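The values are calculated or read from the model by the stated rules, or taken from the named source; none is laboratory data. Everything numeric in this text was worked out from a predicted model, so none of it was measured. No Cβ is skipped: glycine too gets one built from the backbone with ideal geometry, and neighbour counts run over all protein chains shown. To get the accessible areas, we keep the full protein, side chains included, count just its heavy atoms, and leave off ligands, DNA and RNA. Shrake-Rupley method; radii C 1.70, N 1.55, O 1.52, S 1.80 Å.
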Number of protein chains: 2
Amino acid sequence: MRIVINRNADTPIYLQIKNRLREMIFSDVLPAGTILPPERSLAKSLEVNRSTVIKAYQELKADGLVDSHVGKGTIVLSQAKQAALPDGYINPLPWYQLFTETIAGSNDNIIGDIMAITGGDDLISFAGGIPAPSLYPVEIMREIQADLYRKTSREMFLHSPVEGHYPLRESISYLLRQRQIAASAKDTVILSGSQQGLDFAARIFIRPGDTVLVEEPTFFGAIQIFRSAGARVIGVPIDQDGLRTDVLEALLVRHRPKFIYTLPTFQNPSGVTLSLERRYQLLNLAYQYQLPVLEDDPYGELYYDSAPVPPLKALDRHGYVIYLSTFSKSLFLGLRVGWITAPPQVLAKFAHLKQMTDLHVNTPAQFLLDAFIRRGDYDNHIALLRQEYAGRRDRMLEALGKYKVPGTSWNKPLGGYYVWCRLPDNIVRHKLVANAGKRRVVFLPGEAFYPDGTQGDTHVRLNYTFVNPDQIEPGIKHFMQAVRETATDRDLENEHNIKPLV
Amino acid sequence: MRIVINRNADTPIYLQIKNRLREMIFSDVLPAGTILPPERSLAKSLEVNRSTVIKAYQELKADGLVDSHVGKGTIVLSQAKQAALPDGYINPLPWYQLFTETIAGSNDNIIGDIMAITGGDDLISFAGGIPAPSLYPVEIMREIQADLYRKTSREMFLHSPVEGHYPLRESISYLLRQRQIAASAKDTVILSGSQQGLDFAARIFIRPGDTVLVEEPTFFGAIQIFRSAGARVIGVPIDQDGLRTDVLEALLVRHRPKFIYTLPTFQNPSGVTLSLERRYQLLNLAYQYQLPVLEDDPYGELYYDSAPVPPLKALDRHGYVIYLSTFSKSLFLGLRVGWITAPPQVLAKFAHLKQMTDLHVNTPAQFLLDAFIRRGDYDNHIALLRQEYAGRRDRMLEALGKYKVPGTSWNKPLGGYYVWCRLPDNIVRHKLVANAGKRRVVFLPGEAFYPDGTQGDTHVRLNYTFVNPDQIEPGIKHFMQAVRETATDRDLENEHNIKPLV
């Protein structure tokens, strides 16, 4: 076996050995069945390290040209001689050119970015939308899990129907009745979080160029997914009673939207709730203009004073409302289980997409949630959350009042996760983020919540559920200090020095 | 309070009461704060059952018009008077008109249908692609789960990064090395089954009108999802060595496909494996025509004789191969965990879609799988499956030989899940399905696996992993009886009576 090594070449020695052996295999100098020399002796004859020969043989093996067995050595395989990789330069694939326009152009990963910044031990995070980990009913889940292993074992790991584990659909029907929605188990399809419901709605209804209405501000994930389906996303303004139905009709006439997406109860990010009269006005407009209503209700159960007005789905008697909800805000984000309740024609399309895209939701999670609800643990847990989160909300409101900087204002949310805080005029967002970051406080700038992105510097969203309650006051103090620092120099001083121009 | 009841009307009495009360609320006859008469006394005065009044009050409450408190009675709410539902006829929504064309037209739910027929106690099912439930490592999972509750508790229920739980990505990198694929944890994104990878690939690459190449026959779920993205799906024929690379070049020139989708190892449904020389030929053509290769490898580890040739991903040194795999065939379908390993540009788009569509994969399942792999249980389990499934395959092949009907033939799969059985000519599929069904045997007709659907009656797919091994022989016996019964009258008789036409 003649192998010449060029010790001055750029090609590493192991690759020179490998390439020469490959040539000999392809040219039948080393036919199938040939046993290559033991690594140690080839290394000796070539005056290289044994590890260099080992690496060359490994490469040949990875290429499928040889095989090795302990005790038998390294053998040339029979199919090898016809296999050949080109020797010339191979162009790398121009991936970007191959992507569709929407995919090539979209790079934002805002939710991922937010979740990434909720960690860090010394960080005080008002950024996420995550339930309080200290309240997770881990011990109960452990009990249920042990019980499931005893009682159901294999079933828990089998596939579930596309529409979801039927007992869980029954349990959800119980939860819906508590929200005044009359829906049987068959009216619901289990999804991988309500976010998957937004994606499916986009795929079912949106053709590129279609218009979709949303509240302004609204959940950024919805803007992102509707836009990525090619929709024009138009905002409807809100006030303290929620979506402004008086503005809505003109928008319906002008844009003929495919549907309206709304978070009527404890809205994200504003915290406001659509009043009962506006709920009826919205439904009446929907009936009049044949407009599907996509209602997202992740927060409705988490009220801190009295129960909110019923969901749109409960008030709608004509099948215009598609209702989404989730266990992500009431239990754990990590389970990824939500659901849709909708008229049968729409439900069939959701089930079809579920089957086609990822078959069904993780079965063990469905068993776990079903047992948790049936045992009454869910009701108890919600009662606990109402009490705990009310306390956290109050602490945040109190701290905001205590450290208030001129020009800031905020609402008092009656439920849900967020305080929507108005900033002094003309604050520069990235400076505020940086100044707060220096004090180890993070939050969500308002920009992401506006479809047109122009009102980004007016508000920030502050979450009070995730952070340790004792950190709320120091966190808000630092936040307000950052606001003051960012606003000083400019606006706060100007505020007292404004002179009339004429 | 004057309520007139018409006992001859079609409207139920409780609704008459409710409607009349609603009118009085809207017209301020019953202003906000009014306490409605107790149910019992109203029932008495109207001469109806008390339950009828209760139902009417419940309806008013569901509409948000009244509220009731124990001890205080039923009170008209303040917002109620401005809320009004229209009295006239409301058109039902024309949902069908609102769906996009692809969604409106697609109704098949083939995977759901298959999964639905794998149940039934007396049914012998060769239809699914499901691992043997009796081999599920339930006891080990119970141990791991108990351990996770002790050690990690809350983390297990938190969100995971969009790309997946990092330790699981490391464990997958270990599995990939065993398949001769050198990929670090960062080269992989965890998905909800490899099926989600097919969906994402379709969303990333396919514009309506684009062409995609697939093996013919191939996994029906892939045909379905590519087509639903608007692709023209073109089949490349296969023989005993897999995809016919000699036919491929002409198709590449003619159709300029966006990518080729291939199951090179123990293919679904045919069971064949692409030979090493053809793997190199396929890669060379890909390099020459700048063609991305989407390799789906759910079955590669499940070999029953010697290890198969390396995956395309292992042979590709130029980043042309996107590799998908899953835990659905090696462990449980119900966990819905798979992954993609791909060049960084492609991986970034997969992560973006994951974030946008459903955030991340169920966290507890990721913790569970990671521990299972790290403890060495995965390797042991695969070794067990190889042995057990080899036995089941052999039993099926033996039974097929024993009960063979003239005109049938089949391959011997060297791994994976399926025997692809050729039927006598001109058999009528729905008659065969019916005749087998009478004998309580189900299987998958070949039709679904062909992009053009024309070769449906030539083959059936028989799965040997799911069914109880003792049922394999009786099941095949009944299957062959059904084939004989369906073929008789016509083809089998003709076979012996063919006369030359001239």
Can you name every residue in the stretch B:42-90 that is modelled with pLDDT of 75 or more, closer than 18 Å to A:Arg278 by Cα and open to solvent by 60 Å² or more (accessible area, probe 1.4 Å)?
B:Lys61, B:Leu77
Subset of the stretch B:436-453 [within 22 Å of B:Ala222 (Cα to Cα) and free of Cβ contacts under 8 Å to residues at least 40 places away in the same chain]:
B:Pro445, B:Glu447, B:Gly453
Residue selected from the stretch B:175-195 under the condition among the hydroxyl-bearing types (Ser, Thr, Tyr) and within 27 Å of the chain's Cα centre (by Cα), by the criterion surrounded by the most Cβ atoms within 10 Å (Cβ to Cβ)
B:Ser192
Taking A:Leu462 and the conditions (1) under 22 Å from A:Leu263 (Cα atoms); (2) open to solvent by 30 Å² or more (accessible area, probe 1.4 Å), which numbered condition does it fall short on, given that it satisfies the others?
(2)
Hey, A:Ser192 hits all of (1) within 15 Å of A:Thr326 (Cα to Cα); (2) more than 9 Å from chain B (Cβ to nearest Cβ) but one; which does it fall short on?
(2)
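What residue, among those in the stretch B:309-318 that are at the interface with chain A (Cβ under 7 Å from one of its Cβ atoms) and in contact with a Pro (Cβ under 9 Å, 6 or more places away or on another chain), is nearest to A:Leu158 (Cα to Cα)? Let's see the steps before the verdict.
Initially, the stretch B:309-318 is screened for residues at the interface with chain A (Cβ under 7 Å from one of its Cβ atoms), giving B:309-310, B:314-315, B:318.
In the following step, the residues that additionally are in contact with a Pro (Cβ under 9 Å, 6 or more places away or on another chain) were identified as B:309, B:318.
Working: B:Val309: 31, B:His318: 38 Å.
This residue is B:Val309.
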Among the residues of the stretch B:363-370, is there at least one that is within 7 Å of chain A (Cβ to nearest Cβ), of a type outside the set (Gly, Ala, Ser) and open to solvent by less than 10 Å² (accessible area, probe 1.4 Å)?
yes
Consider B:Asp28 against the criteria (1) open to solvent by less than 60 Å² (accessible area, probe 1.4 Å); (2) in contact with a Lys or Arg (Cβ under 7 Å, 6 or more places away or on another chain): it satisfies all of them except one. Which criterion is unmet?
(1)
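Would you confirm, using the coordinates I've provided, whether A:Val233 is within 23 Å of the chain's Cα centre (by Cα) and away from chain B (no Cβ under 13 Å)?
Working: within 23 Å of the chain's Cα centre (by Cα): yes; away from chain B (no Cβ under 13 Å): yes.
Yes; evaluated as a whole, the condition is true for this residue.
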If I filter the stretch A:352-362 down to residues being at the interface with another protein chain (Cβ under 7 Å from one of its Cβ atoms), of a type outside the set (A, V, I, L, M) and assigned to a helix (DSSP H, G or I), which single residue comes out as nearest to B:Lys354 (Cα to Cα)?
A:Thr357
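Listed here are the residues, each with its yes/no results for (1) in contact with a Phe, Trp or Tyr (Cβ under 6 Å, 6 or more places away or on another chain); (2) among the aliphatic types (A, V, I, L, M); (3) surrounded by 22 or more Cβ atoms within 10 Å (Cβ to Cβ); (4) at negative phi.
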site: A:Lys354; (1), (2), (3), (4): no, no, yes, yes
site: A:Arg375; (1), (2), (3), (4): no, no, no, yes
site: A:Leu384; (1), (2), (3), (4): no, yes, no, yes
site: A:Gly401; (1), (2), (3), (4): no, no, no, yes
Consider only pairs whose beta carbons are under 6 Å apart and that are at least six residues apart or on different chains; among these, list those whose first residue lies in the stretch B:319-336 and is facing chain A (nearest Cβ under 9 Å) and whose second residue is open to solvent by less than 10 Å² (accessible area, probe 1.4 Å) and of a type in the set (Val, Ile, Thr).
B:Tyr320/B:Val293; B:Leu333/B:Ile130; B:Gly334/A:Thr363
Subset of the stretch B:222-267 [hydroxyl-bearing (Ser, Thr, Tyr) and over 17 Å from B:Gln196 (Cα atoms)]:
B:Thr245, B:Thr265
Residue list for the stretch A:149-170, filter: over 25 Å from the mean Cα position of the chain (by Cα) and among the polar types (S, T, N, Q):
A:Thr152, A:Ser153
Among B:Glu155, B:Glu170, the single one that is more than 8 Å from chain A (Cβ to nearest Cβ), at pLDDT below 95, open to solvent by 10 Å² or more (accessible area, probe 1.4 Å) and not in a loop (DSSP other than H, G, I, E, B) is B:Glu155
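If you go through the stretch A:392-401 one residue at a time, do you hit one that is outside any helix (DSSP H, G or I), free of Cβ contacts under 8 Å to residues at least 40 places away in the same chain and not assigned by TED's automatic domain parsing to the domain that holds A:Leu168?
Initial filter on the stretch A:392-401 (outside any helix (DSSP H, G or I)): none.
The answer is no; no qualifying residue exists.
Quick check on A:Ala132: is it touching a residue at least 24 places away in the same chain (Cβ under 8 Å) and either within 27 Å of A:Leu385 (Cβ to Cβ) or facing chain B (nearest Cβ under 10 Å) (or both)?
Details: touching a residue at least 24 places away in the same chain (Cβ under 8 Å): yes; either within 27 Å of A:Leu385 (Cβ to Cβ) or facing chain B (nearest Cβ under 10 Å) (or both): yes.
Considered against the rule, which asks whether it is touching a residue at least 24 places away in the same chain (Cβ under 8 Å) and either within 27 Å of A:Leu385 (Cβ to Cβ) or facing chain B (nearest Cβ under 10 Å) (or both), A:Ala132 comes out as yes.
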Scanning the stretch A:254-280 for residues that are more than 8 Å from chain B (Cβ to nearest Cβ) and free of Cβ contacts under 8 Å to residues at least 40 places away in the same chain, which turns out nearest to A:Pro298 (Cα to Cα)?
A:Leu274
Among the residues of the stretch B:323-335, which ones are farther than 17 Å from B:Gln145 by Cβ and open to solvent by less than 10 Å² (accessible area, probe 1.4 Å)?
B:Tyr323, B:Leu324, B:Ser325, B:Thr326, B:Ser328, B:Ser330
Conditions (1) within 12 Å of chain A (Cβ to nearest Cβ); (2) in contact (Cβ under 8 Å) with a residue 60 or more places away in the chain; (3) open to solvent by 10 Å² or more (accessible area, probe 1.4 Å): number failed by B:Pro343:
(2)
Those residues of the stretch A:287-305 which are out of contact with any Leu (no Cβ under 7 Å at 6 or more places or on another chain), touching a residue at least 12 places away in the same chain (Cβ under 8 Å) and at the interface with chain B (Cβ under 9 Å from one of its Cβ atoms), in sequence order
A:Tyr287
